[in-house]
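Asks: I have a structure I would like to understand better, so I am pasting it below and will then ask my questions one at a time.
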Amino acid sequence: MTIGVFYTPNKANVFTFATAKDHAEFGRRPEEHANHLALHRCRSVDSLTDGAPWIRNRILDHIPYVRAMLLDFYHLSEHIWDAAKCCLGDTDAAGEWARAQLHGLKHVG
């Protein structure tokens, strides 16, 4: 199951779609909904995903006016923890470094 959501920055308007079909069908679904919602008329359209290349490719194939593609915080945090363990091992220092990075990203930007 693949789920997609379109929403305004303040989340006042939310539109959700899903498919149990393959990646090609996933690409067609957001294109249909983006056209219905006239997203091409928006000042900016950004994408927030888990970073999987196939998702990025389907989005860019079907919604070419996406301005920015962002990695969601959960998957970003996985990469931060992997980097900490790779560089510092499974140590307290790795945990402290990872937590500091994630805190900065979440609260400072």
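The values are calculated or read from the model by the stated rules, or taken from the named source; none is laboratory data. Small disclaimer: the values here were computed from a predicted structure and weren't measured. FYI the Cβ positions are ideal-geometry reconstructions off the backbone, even for glycines, and counts take in every protein chain you see. Just the protein is used for accessible areas: all its heavy atoms, side chains included, with ligands, DNA and RNA removed. Shrake-Rupley method; radii C 1.70, N 1.55, O 1.52, S 1.80 Å.
Asks: Out of everything in the range 55-94 that is under 14 Å from the mean Cα position of the chain (by Cα), among the charged types (D, E, K, R) and part of a helix (DSSP H, G or I), what residue ends up being farthest from Phe26 (Cα to Cα)?
Replies: The qualifying residue farthest from Phe26 (Cα to Cα) is Glu78.
Asks: While we're on this one: Considering the range 1-26 alone, what residues qualify as being touching a Ser or Thr at 6+ places or on another chain (Cβ under 6 Å) and open to solvent by 60 Å² or more (accessible area, probe 1.4 Å)?
Replies: Val5
Asks: Can you spot a residue in the range 93-103 that is touching a His at 6+ places or on another chain (Cβ under 8 Å) and surrounded by 12 or more Cβ atoms within 10 Å (Cβ to Cβ)?
Replies: No, because not a single residue in the range 93-103 is touching a His at 6+ places or on another chain (Cβ under 8 Å) and surrounded by 12 or more Cβ atoms within 10 Å (Cβ to Cβ).
Asks: Please specify each residue of the range 27-53 satisfying the condition of being exposed (fewer than 11 other Cβ atoms within 10 Å of the Cβ), at negative phi and either of a type outside the set (D, E, K, R) or in a loop (DSSP other than H, G, I, E, B) (or both).
Replies: Result: His36, Arg43, Ser44, Pro53.
Asks: Where the second residue is part of a loop (DSSP other than H, G, I, E, B) and surrounded by 13 or more Cβ atoms within 10 Å (Cβ to Cβ) and the first is without any contact (Cβ under 8 Å) to a residue 24 or more places away in the chain and lies in the range 1-15, which pairs have Cβ atoms under 7 Å and are six or more apart or on separate chains?
Replies: As it stands, the answer is Phe15/Leu37, since those pairs meet every condition given.
Asks: Tell me, please, whether a residue that is without any contact (Cβ under 8 Å) to a residue 24 or more places away in the chain, within 30 Å of Leu39 (Cα to Cα) and not basic (Lys, Arg) can be found in the range 69-77.
Replies: There is at least one residue in the range 69-77 that is without any contact (Cβ under 8 Å) to a residue 24 or more places away in the chain, within 30 Å of Leu39 (Cα to Cα) and not basic (Lys, Arg).
Asks: Which members of the range 54-80 meet the condition of being among the small types (Gly, Ala, Ser) and surrounded by 12 or more Cβ atoms within 10 Å (Cβ to Cβ)?
Replies: Passing the criteria: only Ser77.
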